[in-house]
1. Name the lysines eligible as straight-distance cross-link partners of B:K184: C-alpha to C-alpha under 24 Å, and not fewer than 8 places from it in the same chain.
2. So what is the calculated 222 nm ellipticity per residue for chain A, using -39500 (n - 2.57) for each DSSP H run with n of 4 or more, over all residues, to the nearest 500 deg cm²/dmol?
3. Would you calculate the volume per residue, in Å³, of the smallest convex hull containing every Cα atom of chain A?
4. In whole Hz, what ³J(HN,Hα) sequence does the stretch A:176-193 give by Karplus (6.51, -1.76, 1.60; θ = phi - 60°), x for Gly and Pro?
5. Can you compute 3J(HN,Hα) from phi for each residue in the stretch B:363-377, using the Karplus curve 6.51 cos²θ - 1.76 cosθ + 1.60 with θ = phi - 60°, rounded to whole Hz and x for Gly and Pro?
6. Mind listing which GluC sites (Glu not before Pro) in the stretch A:177-281 are in a DSSP loop and have 12 or fewer other Cβ atoms within 10 Å?
7. If one computes P(r) from the Cα atoms of the stretch B:70-420, what percent of pairs lie at distances over 33 Å?
8. From the Cα trace of the stretch B:1-144, what convex hull volume per residue do you get, rounded to a whole Å³?
Amino acid sequence: MSIRITDNGQYRSIIDNLFGIRKQYQDVMEKLTSQKNINNISDDALGVTRVLGYKQTSQAIDQYQRNVENTNSWLSATEGKLNNATDILTEARALAVAQASGTANGNTRKIAAQKVQAIMDEMLSLANSQLGDRYLFAGSRSDVAPFASEEETADIDNPMAGGANSYEGEVGQSGTYTGETNKSYVLKITTGGTQGAAKYEISSDGGKTWGAESAAGAIDNPVDLGDGITINFGDGTFAANDVFYVNAYTAGYYRGNDEALNVSVNKGSSANYNITGAEAFTDKGDGNIDVFKVLKSFKDALEGNDVDGISAAIDDMEQAQEQVSLCIAKCGSRANRMDMVKSNLSELELSMTSLISATEDADIAELATTFSMKEVALQAAYEVASRITSNSIINFLK
Amino acid sequence: MSLSGLLQVSRNALASYQTAIDVTGGNIANVSTPGYSRQRPVLRTTGDVQGGATNAQMSVEVSKVERIFDNYLEVQIVDQQQKAGYSETESSLLGRIELIFNETKGAGLNDVMGRFWGSWDDLANNPEGQVERGALVSASEELATRFNTIASDLEDAQQDAKLSIKDTILEINKLTSSIADLNKSIVERGNMSGESNRLLDERSESLKSLSELIDLNYVVDGNGSLSVFLPDGSQIIGAAAALELNYKSDHVVFKQSPNESMDQILSQGNKGKLAALLNVRDDDIPSYLDKLDDLAKGIITQVNELHQDGYDGYQNTGNDFFAPAESDNIAKNMAVMDEIIKDVNRIAASTVVSSGNGETAREISALKDQLFMNSDTATFGSYYGSMVGEIGRDIADAKSNAEHQDTILTQLISHRDSMSGVSVDEEMMNILKYQMGYNAAGRLCQTVNEMLETLMNIGR
């Protein structure tokens, strides 16, 4: 017995085929209008995972490029100010040479002293310059200008409390600071309670690393923060995470600190971009010579008609210039590094874009051809479907 | 041979061919009725010729009207219908979920996460900047909201599945009770021709509709009644009655034992719409939600850990950035701490009490490159990428499965059509055939009439 073709069967098969061709037609149309091969996550699951990874990298690269731009502004502002500083130090040195020679006398020296004062004022304003709202040479201190106008003795600020502290009692400090650089000392309550029960930890690096936890109740007695600073508390109840801190300064003009400011420039890689006031203008920390001190002694020597003092100032000015130049060189090499990083990032960005495109984007030429093919197939199917009723045995039976 | 006998023969022939044409007419009328099995009149000779002097007439009768129907094909179709029903439902449900994770248009969670990490870095570049702090809070709120939305969209999809389950159960109950009624009628009428064929067709169609919905096995009893069993052997349709299903406390149960959940039994075999709904509701969606929760928990925990060690604009420390993750519904409830939203200076960007330092912010941004997920082998980003890829694969698999099952079903149905369907060509030919027989019988009748007349006129 041969296969029976029934009318129902015929209609059904034509409809199925029509649906099939229309679906293919629609798929190609979707790809053409979106210009992408992947329009749903189920179109190419592996491709989607890859593309998401590339896009994440691409976003990260954008951010690193922004970071590098910011750093470049900072570095060029810093370098500019330091160049100005070298210039006025050159002036000061010339002045020293002139006033140390035999042609100078008490009067010229008095006039020169005024000039040195002007130089000192300009140096102060340079050292306190800002980029936007941030001091260029203060390390991480932002609440105080990095350089004072008068030389200060070693000093301990009044203790400050965290804004949300529970404790409302009195906090006092005493002692003389014996540390080598400007630092912030922090006391953090770890277990709350009254004075008899509370426990605390101490940090001598501004709150990054902590010593061992104290015994309960030790806070009842004056607490030794280290380097000669003692802090004491009045009556009150402490809560965990209450913070008290004390800023301590060495003798000198510098009020800022030594902190390095960093920025991320690539995965797992950061760059330190700031020059601290300490390393540029003082003899503490990384510096060798206190620029303000030597300018002051120079001025004093001029006013006091002290030729030896003036001669000594010549060397001092030279050393100061060297120190500042060293910092300028640092800025220069950091800027070079930023340039390299920038060009690496650009290259990486290009390859990400092309990887994304290779996976995601549709080949328009190929699609257009496929589209015409499907269109022809669809029309043929419609043509065939329209003929189905015209052939029937009924037409031939009389 | 008696003339009256011959008359009888032609009378029978006329009646038989008329019946045959009736049956053929029935077929033609039902050419496009779904589920109709064509009927064939079975003509049989009656009476026989005995050798010798006595002869009995040979006549024709329609002994029965046969329903052309292949049982084995039917079994295959019912089975395939269950598989097709399952994969189609699965594919359509998962297709909804595909819309939730629309990463191909570029505005998905991937993008939002990238902006979140980026704004921490912007803050690190200017730790006290109010603009940067505000932007960070914005980006963080967007991240939290996006997690909330995805989680609640997934839950909505689950809710939809629940509603569909309820609807499906109503449909199943309707079908089972109608099949039980048909059983009764069929058994009552016995296996007579005509009437029963219609009922049999109807029952067969109902069975196919039922098989699309639920995993079942069936058997036709000796007396014609159809018994339907669930995969664990419990009988859902018997000779006269059907057991009703109910939906109680999120489980599918039999009405008479409302505390015994049938979920496991019904969904194990991966057949039928109900099984697909149960599987997507109980396996697929919860696993996607779990992964989402894991990602949210990872981000919240790691950001909070670093944030607690940092100092904000008021030199406070020990505070969270995100509301701490609880044990469940993590993604749904993810939120930035209220205090931070109200006052952006409470963001701890610095690792020391001096607020010019932005190390904490920088370190938080660098979290995106660290391996916290999948037992410390994947970053947040790559975890999300794999998760989306997995979901995409599930959906692609479901779609191709649905197509595959549908193709097989279509083939089987076309076989069935070929066997039991009506071909107008064939029926037209049959009409010609029977009509010729009718005409011949009529002619015979006329001939016998003339013969009788001749006989009558002999004596004149």
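Read the figures in this text as sums done on the coordinates, not as results from a lab. Note that this is a predicted model, so its numbers are computed, not measured. Cβ placement follows ideal geometry from the backbone for every residue including glycine, while neighbour counts extend to all protein chains displayed.
1. B:K64, B:K174, B:K208, B:K255
2. Values: 7 runs with 202 residues, N = 398.
Here the helix-only value at 222 nm equals -18500 deg cm²/dmol.
3. Working: hull volume 102.3 nm³, N = 398.
Dividing the Cα hull volume of chain A by its residue count gives 257 Å³.
4. With coefficients 6.51, -1.76 and 1.60, one gets 10, 6, 10, x, 8, 10, 6, 9, 10, 9, 10, 10, 10, 6, 9, 10, x, x Hz.
5. Karplus-based 3J(HN,Hα) across the stretch B:363-377 equals 5, 5, 4, 6, 4, 5, 9, 9, 8, 10, 9, 6, 6, 6, 10 Hz.
6. Sparse-neighbourhood loop GluC sites (Glu not before Pro): A:E180.
7. Values: 28850 of 61425 pairs.
Looking at the stretch B:70-420, the distances longer than 33 Å represent 47 percent of pairs.
8. Working: hull volume 20.3 nm³, N = 144.
With only Cα atoms used, the stretch B:1-144 gives 141 Å³ per residue.
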